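The values are calculated or read from the model by the stated rules, or taken from the named source; none is laboratory data. The shown structure was predicted, so the numbers you read here are calculated from the model rather than taken from an experiment. Positions of Cβ are generated from backbone atoms using ideal geometry, with glycine treated the same way; all protein chains shown enter the neighbour counts.
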Amino acid sequence: MYKNLLKTLKVLVVIIAFLSNSIQAQDPVLSQFYAAPLQLNPAFAGITNSPKINLNYRNQWSSIFNAYTTYAASYDQYLQNVNSGIGFAVLMDRAGDGIYNTGNFNIVYSYKLPINQNTYIKGGIQAGLYQVSLDWDKLVFIDQLDPISGQTQLSEENRPDQLSKSYFDVSTGLLVYNRLFYGGISIFHLNSPNESILNINEGLLNGLPMRLSLHGGMQIYLSKDNKTKNKPFISPNILYTKQDKFQQLNIGAYAGMSSVFAGAWFRHSFGNPDAVIFSLGFSKSLFKIGYSYDYTISRLNSESNGSHELSVLINFEKENRRKHSYNDCFNLFR
């Protein structure tokens, strides 16, 4: 009985967090941000001359009743004749074992403009549909719990008429880069759409908060031999994210050598240290596959079981016999 009650209380905590009028939703932020560039900044559209596909999966705090599961996919390519990148991005996030779900589909466009011979600026914009939905049948309310047996019974809560909502969403971003370093800024949900399903105290909420991201990094080659294919390199990076009162800082480095890559990161949520992230992967033919594990160092350590991420990149330029030469520092994103 105790286990059933504890499991139910965990579900209630997740639901209260999403339905409370004083708490607003927050976008998922992937640990392998470099494996989902369009989720980081729409200006990253078209950083390869040939088409590429990114696939991502994240399972966060799996031992807490599958707290958050995130799926993402994107396609983009560069149009050299018009100095533009185009693509689309899809994301689905399931909270509380699928009780509360968010998803979006966006069309992405970017434009590259040279500042000088070695430095470029890229601006990007994305627009599409954002949807939220609530699986009412999975909810367990206090009046459903029998305090003696721990079994559930019928609730007197009224089922809302509307359990899902769709709305228009728009975001933008900017990148400045050369062969040594890059820096970028992106702002998601510029129009702060109203995502409320229950319409309680409608008009008192400001809508979905804008998500600000500041990111940058360097690319340092470990070999000076220009004839070496896939030269080994190390790429220190920093990522700062702010959405309403939530803040997060990732600092770490990514290293690539031949067909193998690895990385280590530290994530801090300003309220407390959050996690240490380790990543490892390899590339073969068109494919680049990565795995990362977030080792939780906050007070959730004993309960969360950490977080797992998988990523797959399909880069079609690798089947093109013509060697592409890039005057940038985006190897970790390719």
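Structural remarks
- Filter result (surrounded by fewer than 17 Cβ atoms within 10 Å (Cβ to Cβ) and among the hydroxyl-bearing types (S, T, Y)) within the range 59-79: S62, S63, Y71
- Of all the residues in the range 93-118, those that are aliphatic (A, V, I, L, M), surrounded by 20 or more Cβ atoms within 10 Å (Cβ to Cβ) and part of a strand (DSSP E or B) number 2.
- A count restricted to the range 215-258 and to residues that are without any contact (Cβ under 8 Å) to a residue 60 or more places away in the chain, in contact with a strand residue (DSSP E or B) (Cβ under 6 Å, 6 or more places away or on another chain) and more than 16 Å from F330 (Cα to Cα) stands at 4.
- Note on the range 119-156: among residues that are within 23 Å of T69 (Cα to Cα), surrounded by 15 or more Cβ atoms within 10 Å (Cβ to Cβ) and not acidic (D, E), the one that is modelled with the highest pLDDT is G128.
- Within the range 53-70, being of a type in the set (V, I, T), at pLDDT 90 or above and in contact with an Asp or Glu (Cβ under 7 Å, 6 or more places away or on another chain) holds for one residue alone: T70.
- Among the residues here, K227 qualifies as charged (D, E, K, R) and either at pLDDT 95 or above or over 27 Å from S279 (Cα atoms) (or both).
- In the range 25-35, the condition of being out of contact with any Lys or Arg (no Cβ under 7 Å at 6 or more places or on another chain), surrounded by 16 or more Cβ atoms within 10 Å (Cβ to Cβ) and modelled with pLDDT under 65 is met by at least one residue.
- Any chance N116 is modelled with pLDDT under 95 and of a type outside the set (D, E, K, R): yes
- In the range 244-264, the residues that are out of contact with any Phe, Trp or Tyr (no Cβ under 8 Å at 6 or more places or on another chain) and within 26 Å of P209 (Cβ to Cβ): D244, K245, F246
- Taken over the range 281-299, the residue count meeting the criterion of being surrounded by fewer than 19 Cβ atoms within 10 Å (Cβ to Cβ) and among the β-branched types (V, I, T) is 2.
- Screening the candidates V90, V82 for the property of being of a type in the set (A, V, I, L, M), touching a Phe, Trp or Tyr at 6+ places or on another chain (Cβ under 7 Å) and surrounded by fewer than 20 Cβ atoms within 10 Å (Cβ to Cβ) yields one hit, V90.
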